[in-house]
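Reviewing the structure listed below.
The values are calculated or read from the model by the stated rules, or taken from the named source; none is laboratory data. Bear in mind that the values here come from a model prediction, so they are computed numbers and not experimental data. In this analysis, Cβ positions are derived from the backbone assuming ideal geometry, glycine residues included, and neighbour counts consider all displayed protein chains. Each accessible area value is taken on the protein alone, full model and side chains, heavy atoms only, with ligands, DNA and RNA left out. Shrake-Rupley method; radii C 1.70, N 1.55, O 1.52, S 1.80 Å.
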Amino acid sequence: MRITAQGVGVVGGFGCGVGDLAKALAAAPAALLRADPGPLDRFVPRRELRRLDRFSRMAALAAHLALEDAGALGDDQTRLGVVVASGYGATGTTLAMIDSIIEGGDACTSPIHFAGSLHNAPAAHLSILLGAKGPSLTVSQFQLSVGSALMAARLWLDQGRVDRVLFGAVDECSELTAHLWARRAELERPLGPAGAPCGEGAAFLLLSSRAEAAVPYCTLDQAAIGRGPAPALPAGGLALLCGGPADLPGRRLLSLVGWMPAAPAFDLAAAALLVRQGAGPATCLALTDDGEYALARLGPA
Amino acid sequence: MDLKEKLKTILIAELNLEDLRPEDIVDADPLFVEGLGLDSLDAVELVMLLQKHFGIELKSMEEGRPAFASVNALAAFIEARQQA
Amino acid sequence: MTPGAVPISGIGCICAAGTALEACMAAMFRGERAPAPPRRFSTSHAIRYPVFELPDFQEPPELLRTAALLLHAAREALADAGLDPERLAGLRAGACIGTTVGSAMNDEAFCRAFRAGANPDLGPMDRILRSNPAAVLARTFGLTGPCQTIVNACSSGTDAVGLGASWIEAGLCDLVLAGGADQLGRITYNGFISMRISAPGPCRPFDRDREGLNLGEGAAVLVLESPALRRRRGARARSFVLGYGSSCDAYHPTAPSPDGAGLERAIREALGAIRGPVAFVNAHGTATPDNDRVEGQVLARTLPGVPFLSTKGYTGHTLGAAGAIEAAFTVACLERGQIPACAGFATADPGLGAEPVREPTALRGTVALSQSLAFGGNNAVLALGLGERP
């Protein structure tokens, strides 16, 4: 089954959209900014976004950009599958919900914040905004989230459950995350690599098993996860890495994106761009602190 | 700020109606389905907001139904409860 | 999707109805249930909304309660399957687990201290970071295959079993510990009360006078294995995963679509090419006005005359664990050829067009459905078939 990446959408500290990503890949930005989900207004009227917190807005923006990039925004999305990965979930809204209890007592718990704190909120909002009635899956397992979700997305396509999947990942640097980040850094037990900045953002790809009219970015040849020694990287090819020993040969996008559990999704987005630009087949490898690995292989279309 | 002004400000802020200003909300217009177009999740949030901002405790959603017809109805409901 | 039948060779289950599957079944067939106000935490609500708690279950300090419940169920499942936990590392084995609370970054004490300007002890957050359910199973049993934690709200457990079965079909691995787990806690309890869907008394699924759900906690694990591995081990299949259907309503973040079209699609997908009678349906049946109305109407028009029940009258709504616990119950009921009464149901709701079973009911058929509807509009349905006699 030939599975391709038809569109890429990203938002992060480097900016938003494949144009900004390509620029950042060519010359890493001087400083990492906060991700700005403002451009979502281009796709969805403000009123329809009122239930989406910042976390869901970043996801929705990257998802819409991916669809636009694929020329698929106007398509009937009824049978679209949706797969979303997040390491930490909606921590901003989770804190807001707890704040409502702290400030007003148990009887003043905010139901809107409670509903928004659910991990599958972004997937739910995407499904409503796009009219996507196919299967929906949200996955959360820290640094393995992206690889695990990608494995599921690819399997859905391979088994013919759907023929298009909107796949992506999102994490936010909320007050809670930032605090955790800073405290762990102080204790010299950093959440990410030592000295890495705390990042946030969302990266989405439109994956397809159809014979599409548009030329795809690349093929998705493999998406595997496991625990133990990772499969060896093919010698000499393009490799994008998250985690693992610093001396592993490959490119790291840490300074471009910052660190977050969802970071491997930016590797996938960047790999898709680079493969289309003629870099040859690419391997994206994520190694977690817990001895797990996620491996994706992308090929020239 | 009078009660209806306060209510409109609360509705806009807490229900995230960020495309609206208080002067855009008509006192007599329906809040739910039509008019402001609020839904079931807004309704339960509104019940909480009555508790949080006015100390009014509703035993059930049914009890609050007359209040939810419009800003006018909400203000009248609150005033009646606070005088009781 | 019409998968090949995926054998289920072992099951473990822990919830308020019992600390092992047989104990749960026995309690349900005796009609026992004991919802009560929470004991392990307190709130300031005037009404003491009952829950289905496990007051005597104590998690070790280093793990979240959800992960500890999951391990308990996993050990029962492995023993039931005749699998030595020490031998799992040598198999291509993975884990597919659903949860909601079990992966939320929401330790209340930590956040309160943070807001008060203190630098709270990181212990609680560290505990969350090491308690991801699928990862805990992987670490504990040395699983080298794919491990996934699904957070699809209330359908997570059903999705985990269905997706775990698809891994076996695809040959990704030979064995999957598939299931779900969730713990009770103040934040979740407050959350559901704020949504005004918690019942002030014991829940009444599908009843005309139902007022909402009771929360519960627990876990269930089903051992799924490839036909090849099962043959090598000579293991018995208690049941088979025959089908899995899943869809989205695309309607509202928390309310189910009134037309039930999404659930209907998922049911048809799960049934796939299965012909022959459906013996019964283990419904989602949370006892909220909205859920039971939609579900009842869909069952009435899609599977008229097929007996159904909600077991949440015995367990409460165990969120991410629900779909797995209910799949476990569905297998056990197929084996017994009987379903228990729908606890909490007394008066039919004319608006539903269907009513659940009022007393223990003998089954006709060897295929059953277990279904879940979730916040976010997910509908997930499993078709399970009777396995082999011992």
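Some notes on this structure:
- Each principal axis of the Cα atoms in the protein assembly as shown has its own extent, and those three values, largest first, are 76, 74, 52 angstrom.
- Whole-number percent relative contact order across region C:147-282, with pairs defined as alpha carbons under 8 Å at least 6 apart: 21 percent
- In order along region C:359-369, the phi-based Karplus estimate (6.51 cos²θ - 1.76 cosθ + 1.60, θ = phi - 60°) of 3J(HN,Hα) comes to 8, x, 10, 6, 9, 10, x, 10, 10, 9, 10 Hz; Gly and Pro are listed as x.
- Note that region C:256-305 presents 36 Å² accessible area per residue, ligands and nucleic acids not counted, probe 1.4 Å.
- The orientation-averaged shadow of the Cα convex hull for region A:1-142, equal to a quarter of the hull surface, comes to 10.9 nm².
- More than 17 Å apart - percent of Cα-Cα pairs taken over region A:66-116: 57 percent
- Here region A:240-301 has 55 percent of its accessible surface on carbon and sulfur atoms, given a 1.4 Å probe and all protein chains in place.
- Within 10 Å of the Cβ of each residue in A:120-126, the mean number of Cβ atoms contributed by other protein chains is 6.
- Interatomic Cα distance distribution for chain C, bins of 10 angstrom, percent: 5, 26, 36, 24, 8, 1, 0
- Taking the convex hull of the alpha carbon positions in region C:252-350 and averaging its projected area over all directions gives 6.9 nm².
- Remark: chain C carries a charge dipole of roughly 380 debye about the Cα centre, counting +1 on each Lys and Arg Cβ and -1 on each Asp and Glu Cβ.
- In Å², nearest 10: area of A:Arg46 left accessible to a 1.4 Å probe: 100 Å²
- Dipole of the protein assembly as shown, positive end: most advanced residue of A:Ile98, C:Gly234, C:Phe206 [Cβ charges, Cα centre]: C:Gly234
- Per residue, region C:8-65 exposes an accessible area of 46 Å² to a 1.4 Å probe, with every protein chain left in place.
- In this rough spin-label picture, where each label sits 7 Å from Cα along the Cβ direction, the A:Ala178-C:Ala109 distance is 2.7 nm.
- Magnitude of the charge dipole, the protein assembly as shown, Cβ model with Lys/Arg +1 and Asp/Glu -1, debye to 20: 1780 debye
- Taking the Cα centre of region C:90-235 as reference, the dipole from Cβ charges on Lys and Arg (+1) and Asp and Glu (-1) amounts to some 260 debye.
- For chain C, the 222 nm mean residue ellipticity estimated from helices alone, with every DSSP H stretch of n ≥ 4 adding -39500 (n - 2.57) and the total spread over all residues, rounds to -9500 deg cm²/dmol.
- Per atom type, region C:319-390 shows carbon and sulfur on 50% of its accessible surface, probed at 1.4 Å.
- Here the Karplus relation 6.51 cos²θ - 1.76 cosθ + 1.60, evaluated at θ = phi - 60°, turns the backbone of region A:284-301 into coupling constants of 10, 10, 10, 10, 9, 5, 9, x, 9, 9, 9, 10, 10, 10, 10, x, x, 7 Hz, with x for every Gly and Pro.
- DSSP-defined antiparallel bridges as percent of all bridges, the protein assembly as shown, nearest 5: 65 percent
- Whether chain A is rounded, prolate or oblate, judged on the alpha carbon gyration tensor where a/c under 1.5 counts as rounded: oblate
- Share of alpha-carbon pairs per 5 Å distance bin for region A:106-170, given as whole %: 3, 15, 23, 21, 18, 9, 6, 4, 2, 1
- Cα shape, region C:204-318, gyration tensor, a/c 1.5 rule: prolate
- Interface residues of region C:345-390, defined as those with an accessible-area decrease of at least 50 Å² between the chain by itself and the complete set of protein chains (probe 1.4 Å), are absent.
- Prolate/oblate/rounded label for region C:327-390 (Cα gyration tensor, a/c 1.5): oblate
- Accessible area in square angstrom per residue, region A:142-243, 1.4 angstrom probe: 34 Å²
- In region C:121-223, trypsin sites (Lys or Arg not before Pro) in a DSSP loop with at most 16 other beta-carbon atoms within 10 Å: C:Arg130, C:Arg208
- P(r), alpha carbons of region A:241-287 - 5 Å bins starting at zero, rounded %: 5, 21, 33, 25, 12, 3
- Distance (nanometres) between label positions extended 7 Å along Cα→Cβ at C:Arg139 and B:Val33: 5.2 nm
- Within the accessible area of region A:145-214 (1.4 Å probe), percent carbon and sulfur: 50 percent
- Per-pair calculated FRET efficiency, R0 = 35 Å: A:Ala185 and A:Arg2 via Cβ, rounded to 0.05: 0.20
- Interface A-C: total buried accessible area of about 5200 Å², 1.4 Å probe, protein heavy atoms only.
- Average partner coverage of A:73-86, which counts Cβ from other chains inside 10 Å: 1
- Interface B-A: total buried accessible area of about 1300 Å², 1.4 Å probe, protein heavy atoms only.
- Where labels lie 7 Å past Cα in the beta-carbon direction, separation of A:Arg34 and B:Lys4 in nm: 3.7 nm
- Using a Förster distance of 60 Å, the FRET efficiency for A:Asp247-A:Thr78 (Cβ separation, nearest 0.05): 0.80
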